[in-house]
Amino acid sequence: MADEALSRAGLHFDELNKIRVLEPEVQSQTSELKEECKDFVDKIGDFQKIVGTFIEVVDNVSKEVEKEKMKAIGSRNLLKSIAKQREAQQQQLQALIAERKMQLERLRIQYENLQKEESEQNEFIEQFILQK
Amino acid sequence: MLRCIDYPSCFHRSLCEINTSDDGEELTKLKLTAWSMDRNVETFTFMQLCLCLQGADDHTILKWNLVNNETTSLVKLPDDVFPTDMHWFPKAATGGGKKTGSDLFCLTSTDGKFHLIGKTGRVEKSVEAHKGAVLSGRWSYDGSALLTAGEDGQVKVWSRSGMLRSTLTQNSTSVYGVAWGPDSDQVLFTNGRQLVIKSLQANAKPTMWKGHEGVILQVDWNPVNNLILSGGEDCRYKVWDTYSRLMYSSSAHDYPITSVAWTPDGELFAIGSFNTLRLCDKTGWSYALEKPNTGSVFKLSWSSDGTQVAGACGNGQVLIGHILERRLEWSNFEATVTESKKIVVRNVLNETYDKLDFRDRVIKASLAFSHLVVATSSQCYIYSTKNFNTPMIFDLKEGNVSLIKQAEKHFLLVDVAGVYVYTYDGRLVCSPKYPGLRADILNSQTVCISNDTVAIRDKADEKVVYVFDALSGKPLGDGKPITHKLEVMEVALDHCGPAAERRLAIIDKNRDLYLTSVRVFGTDRKTVKLGTMIMSLAWNDATNMLAALADGKFTVWYYPSAVYVDKDLLPKTVFEKEASEFGKNPQLLQFVGNHVVIRRAEGSLVSTSISPYPAILHSYVQSGRWDDAVRLCRFVKDEMLWACLASMSAYAKELNTAEIAYAAIQEADKVQFILNIKDIPVKDARNAEMALLCGNPQDAEAILLQAGLTFRAILLNVQLYNWDRALELAVKHKTHVDTVLGYRQRYMEQYGKKESNKRFLQYKEGIEIDWEKIEAKIEMEYQKERERPERTPAPASSGGAPRSGGTGGAPKYPVRT
């Protein structure tokens, strides 16, 4: 009876006969919930840690990717400009070659002329000897 | 970016150079490459480039000493002054003297001003000149005026102190380039695609012509060869003469031509473009091309000795080029300037090499007549080709030798101050001078030397040629120069024979070739025309043969003096050959022995040889071996050679040889005449007759009168129908008046004319013409001649032509009846 009266007044006794404001059942559920909550918080903490490292890793990767990307762009541009440089070099060399060709042509003409003169002189010498 | 650069002309023998730059870079030095070029007989050249990266802050002018590579900052300009052009005050204008304040340069800038800046860097004057930038500023050659051109299209002339004298023109476009004419009385400037020559005189009509397909960026006008050089945005460079005729046009380059510059001696020029430097001959073809990584070459400047060129480059560098590999050829020797202070001489016969080292830069070298003459910036070295170990060395007063001309016994040096003749021992013989001599613009066409004579074409009056004795330096004869009727373009002296027979070949403005004697005694100077359309000529080094290129033909006068002996013979002594194998506009460079070297228009050297016989004939004749000469001609059986011998012997009054030679070329009339001459007992009379044969009646008469052979002189004039002169002589000497009158009467009767000559009528009155008496008198004269003490019989004929029956000294004048 007393229990009933107490429970009406909102007081209960637990199995250790301690006086409680909550019903023992609720009490046990509450503590259960508390346990579960604690578990949950722990788990969430773990998750956050894991996610943190993951983000870090991904960040690093992205940085690397960015770097490589820049490198790629750079080398692509370099490639393009090298083609242009080569063109300019080629142009320069072509000009030099043309110059050399002209020199060669000059020398060829001179050489041919000298050969002609040599043959003329040989002819003259032969004739001269024959006349004697 | 470097915009302008200039070699100071006013520093005595200094090599410093000034440049401005308006951006900064590290100062480093690197050698670049070798340039190849070749030139002259002489195939010269490589050019070595030292490239100096120029370090400077903005707006500074740096002064470099190229000897010890010191760089000093000369002046720091205000931040808003960007220099565009600079030009040193010309050295010639200072007269070599040490006038104070003459060492300055003018600097033009983008703010429309030009500044006169002293050697120490003090800005002496800044003058507001143009609206917009001043693009170019040039001193005149005499230093009396400064020319500026600006973006506003104006060209202005300023006094030496910076006062405006006149505004020459007002164009609608910017004027990018200006240049002075050789006499500083004309100005060349650009007007878009046009080139304009304008005289400083007001109201003078300018010469204007379209030069390029694009805007013309730079021009230069050489005072020595009087040619104009232009370069433009159509990527071509062109060479013009002052009559706006195009002498050369280059093929299109890859980039616009940004700078052009003549060497001071006008033999070469340099062209600058983007990453390009080119060295060309004055005829336009290219000796060498260099592709330095310097960006555009905005300005080129030659050192006053013409061995180095400095360029202001787009990337802020200064580029310095040396001319190397200049090659000279003579006989079996080949000398090459391999480095700027080194010459290697190669003897082709035995493949030996001689290396000659010099203390200073080699400026000019000349190889001829068995001697190599090398002028460095301070000394002159003379090597004999027999021994290259021990040169004769002497110091030069001025460093800048602009020309060396050699003769067999001595050579001629030309520098800024004068003309000097030295022996091959290095002794100064003389220094020919005339008032108004401008040694700085002499070139190898306008000055020549032989063993005894120096000839210089005057600049002030181009019709005048001054001749000097090479041993004394004094003007020849009466001191009066040779005056031709037209402007003389080229002079050349022959090298052989006695001094009295020195001949000068002259090419005038019409390209006609004249031959004139240098030494004349009393008589008029005889100038004879030899040919037309002569492009170039050369005397032989060992004999007096003259070779020329004319109008598509290669011509050799085996004996040009024939024109003085027997004009009819001249065409027979000329060797002609088609010159088509030498291309268009070939240049004759050398005529050594029987070998002729010719440069084609595109630069290649070709050679051709002529028959060796004329040279042998010359040598026989020179040593008086007439029999050998005749034998040679008989052996060769060439009419040309016989004709040469005929005129040579006629000139030398060698009657027997002349008789044989004239007979061989079938000139019967002349043989007959010579036979007659032989029968004349008196030597002077024979000489006179020879003069007649050579077509010089005046000479003949002079000889006769001098020898006292009055009768012959009178008769000579009678024969020439020169009646007045005959009578004059007869009256003057009071003899044979009746003879003259008698012949005159006969002549008149023969043609059925009446005497109308007053003098003859006057003398006729008192004199009876009695032919018997006259003939007796004539016979007496001949008798007298035979009895003259100095009577020398003509040398016996060495056979050949059959003799006509001589009548022992009887006159062979065909007596007209």
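The values are calculated or read from the model by the stated rules, or taken from the named source; none is laboratory data. All of these numbers come straight from a predicted model, not from anything done at the bench. Using ideal geometry, Cβ is built from the backbone for each residue, glycine included, and neighbour counts are taken over all protein chains shown. Each accessible area value is taken on the protein alone, full model and side chains, heavy atoms only, with ligands, DNA and RNA left out. Shrake-Rupley method; radii C 1.70, N 1.55, O 1.52, S 1.80 Å.
Criterion applied to B:GLY272, B:GLY266, B:GLY314 was being away from every other protein chain (no Cβ under 12 Å), open to solvent by 10 Å² or more (accessible area, probe 1.4 Å) and either of a type outside the set (Phe, Trp, Tyr) or under 27 Å from the mean Cα position of the chain (by Cα) (or both), and the one residue passing it is B:GLY314. When B:ASP724, B:ASP699 are checked against the criterion of being over 30 Å from B:GLU639 (Cβ atoms), touching a residue at least 12 places away in the same chain (Cβ under 8 Å) and part of a helix (DSSP H, G or I), a single residue qualifies: B:ASP724. Looking only at residues that are open to solvent by 10 Å² or more (accessible area, probe 1.4 Å), within 34 Å of the chain's Cα centre (by Cα) and in contact (Cβ under 8 Å) with a residue 40 or more places away in the chain in segment B:140-175, which one is nearest to B:SER230 (Cα to Cα)? Across segment B:140-175, the extreme among qualifying residues is B:TYR141.
Of all the numbered requirements in (1) in contact with a helix residue (DSSP H, G or I) (Cβ under 7 Å, 6 or more places away or on another chain); (2) farther than 27 Å from B:ASN687 by Cα; (3) not aromatic (Phe, Trp, Tyr), B:LEU530 misses one, and that requirement is (2).
Consider segment B:112-139. How many of its residues are in contact with an Asp or Glu (Cβ under 7 Å, 6 or more places away or on another chain), in a loop (DSSP other than H, G, I, E, B) and buried (at least 17 other Cβ atoms within 10 Å of the Cβ)? Talk me through it step by step, then tell me what you get.
First pass over segment B:112-139, keeping only residues in contact with an Asp or Glu (Cβ under 7 Å, 6 or more places away or on another chain): B:112-113, B:116-119, B:130-133, B:135-137.
With the extra rule that they be in a loop (DSSP other than H, G, I, E, B), the set shrinks to B:112, B:119, B:130-133.
Now narrow it down to the ones that are buried (at least 17 other Cβ atoms within 10 Å of the Cβ): B:112, B:119, B:130, B:133.
Residues meeting the conditions: 4.
Can you pull out the strands (runs of 3 or more DSSP E) entirely within segment B:412-470 that have at least 3 residues that are touching a His at 6+ places or on another chain (Cβ under 8 Å)?
On the way: elements: B:419-423, B:428-430, B:447-449, B:453-457, B:464-469.
Output list reads B:419-423.
Taking every residue in segment B:297-318 that is farther than 13 Å from B:MET86 by Cβ and assigned by TED's automatic domain parsing to the domain that holds B:GLU233 and pairing it with any residue that is aromatic (Phe, Trp, Tyr) and assigned to a strand (DSSP E or B), at least 6 positions away or on another chain, the pairs with Cβ-Cβ distances below 6 Å are B:VAL309/B:TRP302. Right, B:ARG503: touching a strand residue (DSSP E or B) at 6+ places or on another chain (Cβ under 6 Å), among the basic types (Lys, Arg) and either open to solvent by less than 20 Å² (accessible area, probe 1.4 Å) or over 30 Å from B:TRP262 (Cα atoms) (or both) or not? So B:ARG503 passes the test. Checking each residue in segment B:618-633 for being more than 24 Å from B:PHE554 (Cα to Cα) and either away from chain A (no Cβ under 14 Å) or in contact (Cβ under 8 Å) with a residue 24 or more places away in the chain (or both) picks out B:TYR620, B:VAL621, B:GLN622, B:SER623, B:GLY624, B:ARG625, B:TRP626, B:ASP627, B:ASP628, B:ALA629, B:VAL630. Evaluation of B:SER244 against the conditions (1) surrounded by fewer than 23 Cβ atoms within 10 Å (Cβ to Cβ); (2) within 14 Å of chain A (Cβ to nearest Cβ); (3) in contact with a Gly (Cβ under 9 Å, 6 or more places away or on another chain); (4) of a type in the set (Ser, Thr, Tyr) shows that the sole unmet condition is (2). Within segment B:681-688, not a single residue is under 16 Å from B:LYS572 (Cβ atoms), more than 14 Å from every other protein chain (Cβ to nearest Cβ) and in contact with a helix residue (DSSP H, G or I) (Cβ under 8 Å, 6 or more places away or on another chain).
Restricted to segment B:668-696, and to residues there that are part of a loop (DSSP other than H, G, I, E, B) and over 20 Å from B:VAL563 (Cβ atoms), the residue that is most open to solvent (accessible area, probe 1.4 Å) is B:ASP679.
So that you can scan it fast, the table gives a plain yes or no per residue for (1) surrounded by 11 or more Cβ atoms within 10 Å (Cβ to Cβ); (2) assigned to a loop (DSSP other than H, G, I, E, B); (3) under 31 Å from the mean Cα position of the chain (by Cα):
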| site | (1), (2), (3) |
| --- | --- |
| A:ALA5 | no, no, no |
| A:GLY10 | no, yes, no |
| A:LEU16 | no, yes, no |
| A:GLU25 | no, no, no |
| A:GLU35 | no, no, no |
| A:ASP46 | no, no, no |
| A:VAL57 | no, no, yes |
| A:LYS84 | no, no, yes |
| A:GLN94 | yes, no, no |
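Scanning for something within 14 Å of another protein chain (Cβ to nearest Cβ) and among the β-branched types (Val, Ile, Thr), does segment A:81-98 turn up at least one residue? For segment A:81-98, residues within 14 Å of another protein chain (Cβ to nearest Cβ) and among the β-branched types (Val, Ile, Thr): present.
One line per residue, one yes/no per condition, for (1) charged (D, E, K, R); (2) at pLDDT 80 or above:
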residue: A:GLU15; (1), (2): yes, no
residue: A:ARG20; (1), (2): yes, no
residue: A:LYS34; (1), (2): yes, yes
residue: A:PHE47; (1), (2): no, yes
residue: A:VAL51; (1), (2): no, yes
residue: A:GLU56; (1), (2): yes, yes
residue: A:LEU79; (1), (2): no, yes
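Of the residues A:SER75, A:SER119, which is more than 8 Å from chain B (Cβ to nearest Cβ), at pLDDT 90 or above and within 57 Å of the chain's Cα centre (by Cα)? So that I can check it myself, show each step before the final result.
On the way: A:SER119 fails: within 57 Å of the chain's Cα centre (by Cα).
Checking each option against the conditions leaves just A:SER75.
When segment B:247-263 is limited to residues that are assigned to a strand (DSSP E or B) and not polar (S, T, N, Q), the one that is surrounded by the fewest Cβ atoms within 10 Å (Cβ to Cβ) turns out to be B:MET247.
Among the conditions (1) farther than 27 Å from B:LEU229 by Cα; (2) in contact with a strand residue (DSSP E or B) (Cβ under 6 Å, 6 or more places away or on another chain); (3) among the basic types (Lys, Arg), B:LYS341 misses just one, which is (2). Please indicate, with yes or no, whether at least one residue in segment B:398-419 is under 18 Å from the mean Cα position of the chain (by Cα) and not assigned by TED's automatic domain parsing to the domain that holds B:ASP469. No: zero hits.
Within segment B:552-568, is even one residue more than 29 Å from B:THR657 (Cβ to Cβ) and at pLDDT below 85? Checked against the condition, which is being more than 29 Å from B:THR657 (Cβ to Cβ) and at pLDDT below 85, segment B:552-568 yields at least one hit. Of all residues in segment B:470-500, those being open to solvent by 10 Å² or more (accessible area, probe 1.4 Å), modelled with pLDDT of 90 or more and under 30 Å from B:TYR620 (Cα atoms) number 1. Remark: pairs (first residue in segment A:115-132, without any contact (Cβ under 8 Å) to a residue 60 or more places away in the chain; second residue assigned to a helix (DSSP H, G or I); Cβ separation under 9 Å; 6+ apart in sequence or on different chains) = A:LYS116/B:GLU581; A:GLN131/B:PHE635. When the residues of segment B:275-284 are filtered to those that are open to solvent by 10 Å² or more (accessible area, probe 1.4 Å) and within 11 Å of chain A (Cβ to nearest Cβ), which remaining residue is modelled with the lowest pLDDT? The selected residue is B:ASN275. Go through segment B:586-617 and give me each residue that's more than 8 Å from chain A (Cβ to nearest Cβ), touching a helix residue (DSSP H, G or I) at 6+ places or on another chain (Cβ under 8 Å) and crowded, with 19+ Cβ neighbours inside 10 Å. Those that are more than 8 Å from chain A (Cβ to nearest Cβ), touching a helix residue (DSSP H, G or I) at 6+ places or on another chain (Cβ under 8 Å) and crowded, with 19+ Cβ neighbours inside 10 Å: B:ASN594, B:ILE598, B:PRO614, B:LEU617.
Return yes or no: is A:LEU130 within 14 Å of another protein chain (Cβ to nearest Cβ) and exposed (fewer than 10 other Cβ atoms within 10 Å of the Cβ)? Steps first, please.
Values: within 14 Å of another protein chain (Cβ to nearest Cβ): yes; exposed (fewer than 10 other Cβ atoms within 10 Å of the Cβ): yes.
Here the answer is yes, as A:LEU130 does meet what is asked.
Just checking, does segment B:645-653 include any residue being basic (Lys, Arg), out of contact with any helix residue (DSSP H, G or I) (no Cβ under 7 Å at 6 or more places or on another chain) and open to solvent by 10 Å² or more (accessible area, probe 1.4 Å)? So far as segment B:645-653 goes, no, none of its residues is basic (Lys, Arg), out of contact with any helix residue (DSSP H, G or I) (no Cβ under 7 Å at 6 or more places or on another chain) and open to solvent by 10 Å² or more (accessible area, probe 1.4 Å).
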